[in-house]
Amino acid sequence: MKFAFPLILAPTLSAAISVLTAMITPTLLLSACGTFVVSTSIRLGRVIDRIRALSDKMEDLIHGDRDVEMVEERRAMILEQLQRLSSRASMLQRTLSNIYIASGLFVLTSVALGLVAVIASSFTWVPVVLGITGVVFLLYACLLLVFEIRLSRSTLQHEIDYTLRIIRDHVRPEKT
């Protein structure tokens, strides 16, 4: 299937509209990328805030009151949480990088479509390759988000299990 938009050969309104329509399509994908960037950045910010809060708790355990119950268990739980959160932060950073790469490829696709239409129809494969590559990067970023969500859930479950264990082992039921 030929993908050329020969503006110079046939500078008609319909040819110009075809080029502009083709150039707008990657812009819609850019909009999706923007939504992913915002939500992923918020998730990363929450992970960073949680890491800082756990770091403060660890500082308190290390330098604070030595009479705290279950100090070693608390330290172990905080260390486990920090490791999981570190993995999540790394995954979210890779996700953001891939979304930015996909966004750049979509912009290049739009530019390439315009250039091919004006300069040479023999390079119609360039915008197609750029567009497909951008979609692949966006797909990879989406998969990373799926894995990060699963990691987030397991991290939360680990924290819930720890809290339930503390309640079960150290909170005595009141006698009535």
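Structure values in brief
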| quantity | calculated |
| --- | --- |
| So Leu164, is it surrounded by 12 or more Cβ atoms within 10 Å (Cβ to Cβ) and either part of a helix (DSSP H, G or I) or free of Cβ contacts under 8 Å to residues at least 24 places away in the same chain (or both) | no |
| Those residues of region 88-124 which are within 28 Å of Leu156 (Cβ to Cβ), open to solvent by 50 Å² or more (accessible area, probe 1.4 Å) and of a type in the set (A, V, I, L, M), in sequence order | none |
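Condition check ((1) open to solvent by 60 Å² or more (accessible area, probe 1.4 Å); (2) under 30 Å from Val135 (Cα atoms); (3) part of a helix (DSSP H, G or I)) across all residues:
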| position | (1), (2), (3) |
| --- | --- |
| Gly34 | no, yes, yes |
| Ser39 | no, yes, yes |
| Leu44 | no, yes, yes |
| Ile51 | no, no, yes |
| Asp60 | yes, no, yes |
| Glu80 | no, no, yes |
| Ser86 | yes, yes, yes |
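The values are calculated or read from the model by the stated rules, or taken from the named source; none is laboratory data. Remember, it's a predicted structure, so these values are computed and weren't measured experimentally. Don't worry about glycine lacking a Cβ; one is built from the backbone with ideal geometry, like all the others, and counts go over all protein chains shown. When the accessible area is computed, the model is the full protein with side chains, heavy atoms only, and any ligands, DNA or RNA have been set aside. Shrake-Rupley method; radii C 1.70, N 1.55, O 1.52, S 1.80 Å.
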